[in-house]
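The values are calculated or read from the model by the stated rules, or taken from the named source; none is laboratory data. The model shown is predicted, which means the values in this text are computed figures rather than measured ones. Here the Cβ positions follow ideal geometry from the backbone for every residue, glycine too, while neighbour counts run over all protein chains shown. Accessible surface is based on the protein model in full, side chains and every heavy atom, while ligands, DNA and RNA are left aside. Shrake-Rupley method; radii C 1.70, N 1.55, O 1.52, S 1.80 Å.
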Amino acid sequence: VIRIMAKLPILHFPDPRLRTKAKPVLVVDDTIRRLANDMLETMYDAPGVGLAASQVNHHIRLLVIDITEEKNQPMVFINPVITPLTDATVPYEEGCLSVPSVYDFVERYARVSVTALNEHGESFTLETEGLLAVCLQHEQDHLDGKLFVDYLSSLKRQRIKAKMLKQQKQNA
């Protein structure tokens with residue numbers, strides 16, 4: 001079976017839909033698997049290393065990540081629960097597909113554990129650090145209606161918002 005994956009439209013800050021708190025996925029079925037595949041296709045095309053369902057206007061607890069250079073190790077996290085494994089934080093320069101062309105440093109937990117379901121509905125737990133830990137925390141924030149710009153000063157956030165609104169006007 002050959003299936004053409006869809007590239008989904010990504011919501012851009014300050015779209016209020018990005019502030020919606022995502023609901024748990026109740027059943028992992030073909031609809032969820034199709035959405036996860038479409039999200040991966042969208043993420044690779046963007047290009048990015050992570051994408052939360054909230055960013056493509058599906059307000060369910062689903063995120064996809066692939067931090068490899070080769071883009072060949074897609075990971076699907078359904079109903080992820082992240083637990084810090086240390087109080088230590090690391091500054092990491094983050095960007096976001098919902099806030100294009102904006103990068104800034106955010107403090108994140110250095111090591112985390114994530115428990116989630118995979119695309120087959122099987123539970124798994126992973127302990128991680130580095131880029132994957134940062135990415136998981138960033139995408140989890142999306143599921144809670146939070147963006148990386150929320151960690152920045154209000155002045156920086158206002159400047160970014162103005163820049164995004166100006167770009168959106170120009171693209172309209």
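What distance in nm separates the simple spin-label points at Leu131 and Asp15, each placed 7 Å from Cα in the Cβ direction?
2.6
What are the aspartates and glutamates whose alpha-carbon lies under 13 Å from the alpha-carbon of Lys21, with same-chain residues fewer than 8 places away excluded?
Partners found: Glu139, Asp141, Asp144.
Can you tell me the mean projection area, over all orientations, of the convex hull of region 1-159's alpha carbons? Units nm², please.
9.4
As a quick test, which of the pairs Lys71/Lys166; Lys7/Lys146; Lys71/Lys156; Lys7/Lys163 have an alpha carbon distance above 29 angstrom in this structure?
Lys71/Lys166; Lys71/Lys156, as the Cα separations exceed 29 Å there.
Roughly what % antiparallel, to the nearest 5, for the DSSP beta bridges in region 1-107?
Percent antiparallel among DSSP bridges in region 1-107 is about 90.
Could you give the accessible area per residue of the chain, probe 1.4 Å, as a whole number in Å²?
That works out to 54 Å² for each residue.
With a 1.4 Å probe and all protein chains kept in place, how do Ser113, Ser154 rank by accessible area, largest first?
The ranking, largest first, comes out as Ser154, Ser113.
On a C-alpha basis, how far is the centre of region 95-110 from the centre of region 79-94 in Å? Whole number, if you could?
Here the two parts' Cα centres lie 14 Å apart.
Leaving out ligands, DNA and RNA but keeping every protein chain, what accessible area does Met75 have, in Å² rounded to the nearest 10, with a 1.4 Å probe?
Accessible area of Met75: about 50 Å².
Please report the relative contact order for the chain, taking Cα pairs under 8 Å with a sequence separation of at least 6, and give it as a percent rounded to a whole number.
Across the chain, relative contact order equals 23 percent.
Grab the Cα-Cα distance for Asp30 and Glu93, subtract it from 0.36 nm times how many residues apart they are, and report the gain in nm with one decimal.
Length gained, Asp30 through Glu93: 19.2 nm.
Taking all protein chains as present, what is the carbon and sulfur share of the accessible area of the chain, in % to the nearest whole number, probe 1.4 Å?
Answer for the chain is 53 percent, counting heavy atoms of protein chains only.
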